[in-house]
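Colleague: The structure's right below; bear with me while I get my questions together.
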Amino acid sequence: MNKERLVYEGKAKKIWSTSDENLYISEFKDDLTAFNGVKKSTEEGKGALNNKISTQLFKFLNDKGIPTHFVDMIDDNHMLHKKASVILIEVIVRNIATGSLSRNLGIKDGKELPFTLVEFDYKNDELGDPKLNDQHCLILELVKDESELEYIRYMARKINKLLNEFYAKLGLKLVDFKLEFGRDANDNIILIDELSPDNFRLWDAESGEKMDKDRFREGLGGLKVAYEEVLNRILGENR
């Protein structure tokens, strides 16, 4: 399966059409961005690490009955997946307070939340990805009805439970993460995008060391080493 036409280019990936109208190829880039693209850089090998980590997590979730767009990893930087119409809602799942949640609401950084918090952001770079409530989602016609929002919340919490348990076995805390959903050819809502430390906050359970893109956001360095460690722990668990 070969790339044909560039359909979309985002901050971290290029999406290509293929000879099969129902299949696309994602090309994972080495680009790094933060703060809605204000801070930019590149890290050689980062795209391949994100592709490999995402592949392992999509396979894990598929095996647990979560419907996803994943089909196969083609090579280090390319993933074959189902074509999907993107639902323009970024689903933020939080287990521990940090980042914008702590800044905006004054919740102590590192405080474990009493329950899993699921938030919606509008996937719109020009507007700065503002927060959404259910009524906003319906007014903007991002979903068909309230039942779809409830389904997305349900799936987000189910995925969180599965990945929390998965990462705990690797000695990692799943702090928070971003999910995206889309509609497949049969109009089913499925999990799409990527599942990598670019979109997940992961802390070492013992040391508290950050193993995700916060290393770039905060100028800590060692991003590639951290991503490699995450991948090695995943591969070690799956052997």
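Colleague: For segment 23-87, list the strands (runs of 3 or more DSSP E) that sit wholly inside it and hold at least 1 residues that are among the hydrophobic types (A, V, I, L, M, F, W, C); which are they?
Modeller: Filter on segment 23-87 gives 23-28, 31-34, 70-75, 78-82.
Colleague: Another one. Select from segment 105-126 the residues that are more than 17 Å from the chain's Cα centre (by Cα) and either of a type in the set (Val, Ile, Thr) or at pLDDT 95 or above (or both) and list them in ascending order.
Modeller: Listed by number, the residues that qualify are LEU105, GLY106, ILE107, LYS108, ASP109, GLY110, LYS111, GLU112, LEU113, PRO114, PHE115.
Colleague: Which one is surrounded by the most Cβ atoms within 10 Å (Cβ to Cβ), of the residues in segment 26-55 that are touching a Ser or Thr at 6+ places or on another chain (Cβ under 6 Å) and of a type outside the set (Lys, Arg)?
Modeller: ASN50
Colleague: Looking at ALA156, ALA168, which is the one that is surrounded by fewer than 20 Cβ atoms within 10 Å (Cβ to Cβ) and either in contact (Cβ under 8 Å) with a residue 24 or more places away in the chain or among the aromatic types (Phe, Trp, Tyr) (or both)?
Modeller: It is ALA168.
Colleague: Could you count how many residues in segment 1-36 are at pLDDT below 95 and within 14 Å of MET73 (Cα to Cα)?
Modeller: Qualifying residue count, segment 1-36: 2.
Colleague: Could you give every pair whose Cβ atoms fall below 7 Å, whose first residue belongs to segment 90-102 and is assigned to a helix (DSSP H, G or I), and whose second residue is among the hydrophobic types (A, V, I, L, M, F, W, C), counting only separations of at least 6 or pairs across chains?
Modeller: LEU101/ILE107
Colleague: Quick one: which strands (runs of 3 or more DSSP E) lie wholly within segment 120-234 and hold at least 1 residues that are among the acidic types (Asp, Glu) and in contact with a strand residue (DSSP E or B) (Cβ under 9 Å, 6 or more places away or on another chain)?
Modeller: 172-183, 200-204
Colleague: Name the one entry in LYS111, LYS64 that is charged (D, E, K, R), in the same structural domain as ALA168 (by TED's automatic domain parsing) and at negative phi.
Modeller: After ruling out the rest, the residue left standing is LYS111.
The values are calculated or read from the model by the stated rules, or taken from the named source; none is laboratory data. Since this is a predicted model, take the numbers as computed values, not measurements. Backbone-built Cβ (ideal geometry, glycine too); neighbour counts: all protein chains shown.
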